[in-house]
2 protein chains.
Amino acid sequence: MIKQRLLAPGPVEVPPAVLEALARPVVHHRSPAFVELFLAVRRRLAEVMLVPGEEVLVVTGSGTAGFEASLLAAVPAGGRVLSLHAGKFGERWAAMARRFGLRVVELSAPWGSTFDPDRVRDELRRSGPFDAITTTHSETSTGVLHDVEAIASVAREAAPDALLLVDAVTSLAAAELRPRAWGLDVVVSGSQKGLMVPPGLAFAYLSERAWQRSDALASEGALIGSYYLDLRKERARQREGQTAATPAVSLVAGLDVALRLLLEEGVDAVWRRREALNEALLASGEAVGLARYAVRPSPAVAALTTPNGIAAPDVIRRLAAVGIRIGAGQDEAKPRLLRPSVLGWADRFDVVTLAAALEDALRDLGRDVAFGAATAAALRSLAS
Amino acid sequence: MIKQRLLAPGPVEVPPAVLEALARPVVHHRSPAFVELFLAVRRRLAEVMLVPGEEVLVVTGSGTAGFEASLLAAVPAGGRVLSLHAGKFGERWAAMARRFGLRVVELSAPWGSTFDPDRVRDELRRSGPFDAITTTHSETSTGVLHDVEAIASVAREAAPDALLLVDAVTSLAAAELRPRAWGLDVVVSGSQKGLMVPPGLAFAYLSERAWQRSDALASEGALIGSYYLDLRKERARQREGQTAATPAVSLVAGLDVALRLLLEEGVDAVWRRREALNEALLASGEAVGLARYAVRPSPAVAALTTPNGIAAPDVIRRLAAVGIRIGAGQDEAKPRLLRPSVLGWADRFDVVTLAAALEDALRDLGRDVAFGAATAAALRSLAS
């Protein structure tokens, strides 16, 4: 019997108190007890998103469902979208927009890199006007944290009418994210990442400006729309502590516990903790010959490439054999990329564990690695 | 402290073994352990649906998400739909079809009644051709079990090219349902009803004929489509034990346990048990002056109307005060309808409990009810 450890950038390990909440008897979604719980959860979600007092909507579905619902609420049929992408999830949002018949201009950057705000500005000026701009914040496939603050700033200047839709699936409660201060119009996230809940819930924040746009488009009959993924209907219901369709009540109960844990620690403290842990993970990898993949690392995932002659899938298999599940590289990054993560219910000792397992795996694969090289680097990084 | 009992037609009480499975550590959805679990769950789902060996797809979302995904996979843009409705959920599917710009002909019957197959045949001949027919099987808002077998039979005769889409959200594992023998094209259900799992998963079965139609429409570019609710993409992924977006892994783990319990008992035995329990619930209500609302009762819910002078919300409040949550009437049925249900993790003693609580509530509200009138009727019904 092997002890299992989930150290991937989502789904993540979940605190025991959250698991306990999932196992509570099911509560009817129209009962006063659930209404009270749901309103409290939505209030706390807004606090964790740093939009206290505003409404964050909960969608039963994966993060992709949340992004789709947001796109359909904010962008008119046939609208023009500038899609920034430098990884799998950015590409997904471009594909989604095309799927709905939107006119998509793509501005890509190589995997592992980030967007140059000047290029974004130029593209907005050259190809505009746009109804919306889509971007990832933490691009989970590459471990890059895009500078959404800078992108928002050039967007406001060069395309003041375009709404900025941000995939914050792995950045929420992991990286600094200030929707109001940065002027983000839509922020989407999911339960199974920094919020430390199993998958099945997505979250969508729309700014006042985004809602005004949505209302105007709806009154013109200009939205594409969906029946299930209808944030406008959800807004009306969720204000009353209800949902349009039956929500995943058990996951909501777990979310309530997780949000309390995060708010108790403080959102800023959570950001700092996760950044320090992730930096230590990167340092431990570098100490044994792995290289940083992301030019601007996201605290949600330590993207590391293997040295010449070492295939990433071989490392991943060796980690799996000792019960450790990390993220693999996706698509073009599959042969050389490792994506361990301490985004979930994880602490410094999980970093040390991962460092030790990486050492073992690389030694197994014939690398000359001194005992304790990775763990020492992790501990040194954590102490600084 | 009041002991809580959830006796509504979904969400339902969940077996302790299912709750325990929900509280297990989260498993990564790309891990071999999850792939194996997911393939087994899909195999068992097909057995419970009596389509062994065929593929039932799992959607992370509510039952509404499952119906929407099915509609978008099977009906062309601008297609013609005959929508049969005699209650809130039937109306929902008509509204959904209209929302997507389909041309909807509605054939309604009064709440509490069922569809006359001859009227369906006439409407199909008069207003056809149709691309699809939508109907509920167990209409949860009225407690009616529609005769889907008869509807399928007239549909095949009068509209051989129309696909029949069936909402089996509360009928799966509750009422006799034979997709193959009856020739149903699409069957949709959800986790939080007869399958005794918390809400958050929907299921969609498409017949070979429905998939052929879907494939033909897709090759013509005739489908409306969605990015998230894309059963065609899911079919390809789920065959491999994968999903296109991250699934609600904890609910899948719970579902696995629930399906084993149901298959152990046997689907036929489950149907008979639930029908007997529901019939006893109806008998207990009749014994204290309530009247059956459904002309053809679904085993999923005991729809009962209050006598003159007794408001249903008053009864519901009294039950809630002793910890018992039943379903309320919806829309036009709100003032007089009660919808208790033993669809979930419930047995004969839950029926007796409900009977006793109904007695108490009606006595409280001034009805002259002999002690034990409802419980005796329940026990008598169960013994017969």
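The values are calculated or read from the model by the stated rules, or taken from the named source; none is laboratory data. If you're wondering where the values come from, they're calculated on a predicted model, not measured in any experiment. FYI the Cβ positions are ideal-geometry reconstructions off the backbone, even for glycines, and counts take in every protein chain you see. Quick note on the areas: whole protein, heavy atoms, side chains included, nothing else; ligands and nucleic acids left out. Shrake-Rupley method; radii C 1.70, N 1.55, O 1.52, S 1.80 Å.
Couple of notes before you dig in:
- A helix-only calculation puts chain A at -14000 deg cm²/dmol for mean residue ellipticity at 222 nm, using -39500 (n - 2.57) for each DSSP H run of at least four residues, averaged over all residues.
- Teacher prompt: A:Arg380 distances to equivalent labels in other copies, 7 Å Cα→Cβ, nm: 8.6
- Residues whose amide H falls under 5 Å from that of B:Gln242, counting only those 5 or more places apart or on a different chain, are absent, with hydrogens built in the peptide plane.
- Ranking by accessible area, most exposed first, for B:Arg103, A:Arg380, A:Arg237, A:Arg92 with a 1.4 Å probe: A:Arg380, B:Arg103, A:Arg237, A:Arg92
- Partners for B:Lys334 among aspartates and glutamates (Cα-Cα distance below 15 Å; same-chain residues under 8 apart left out): B:Asp314
- Taking amide H as placed 1.01 Å from N in the peptide plane, the amide H of B:Gly327 sits under 5 Å from that of B:Arg339, B:Ser341, each at least 5 places away or on another chain.
- Cα-based helix-to-principal-axis angle, B:117-127 vs chain B, degrees rounded to 10: 40
- Rounded to two decimals, the Cα radius of gyration of chain A over 2.2 N^0.38 Å is 0.99.
- Mean separation of Cα contacts under 8 Å (6+ apart) over length of segment B:16-263, as relative contact order %: 30
- Scattering profile of segment A:58-199 at q = 0.10, 0.14 Å⁻¹ [log10 I(q)/I(0), Debye over alpha-carbon scatterers]: -0.28, -0.57
- Treating each Cα of segment B:266-383 as an identical point scatterer and summing with the Debye formula, the log10 of I(q)/I(0) at q = 0.14, 0.15, 0.19, 0.20 Å⁻¹ comes to -0.50, -0.58, -0.94, -1.04.
- Shape of segment B:207-315, Cα gyration tensor, a/c cut at 1.5: prolate
- Copy-to-copy label distances for A:Gly183, where each label lies 7 Å from Cα along Cα-to-Cβ, are 6.3 nm in order of increasing length.
- Between copies, the label points of B:Asp215, set 7 Å from Cα on the Cα→Cβ line, lie 4.9 nm apart, reported in increasing order to one decimal in nanometres.
- For the protein assembly as shown, the fraction of C-alpha pairs farther apart than 43 angstrom is 29 percent.
- Segment B:267-339-segment B:50-107 distance, computed between alpha-carbon centres (Å): 27
- Radius ratio Rg over Rh of segment A:333-384, counting only Cα atoms, Kirkwood formula for Rh: 1.00
- Residue with peak Gaussian network fluctuation, chain A [Cα springs, cutoff 10 Å], from A:Val81, A:Val12, A:Val295: A:Val295
- With the convex hull drawn around the C-alpha atoms of segment B:1-110, the volume per residue stands at 188 Å³.
- Degrees separating the helix B:208-219 axis from the principal Cα axis of chain B, which is the longest one: 50
- Mean-position separation - Cα centroids, segment A:1-46 and segment A:238-253, in angstrom: 13
- Ranking A:Val249, A:Leu379, A:Ala181 by how far each Cα lies toward the positive end of the dipole of chain A (charges on Cβ) leaves A:Val249 at the top.
- Taken about its Cα centre, chain B carries a charge dipole of about 500 debye when Lys and Arg each add +1 at the Cβ and Asp and Glu each add -1 at the Cβ.
- Largest mean-square fluctuation among B:His137, B:His146, B:His28, in a Gaussian network model of chain B whose springs join Cα atoms under 10 Å apart, belongs to B:His28.
- GNM flexibility winner over chain A from A:Ile326, A:Ile133, A:Ile224 (Cα, springs under 10 Å): A:Ile224
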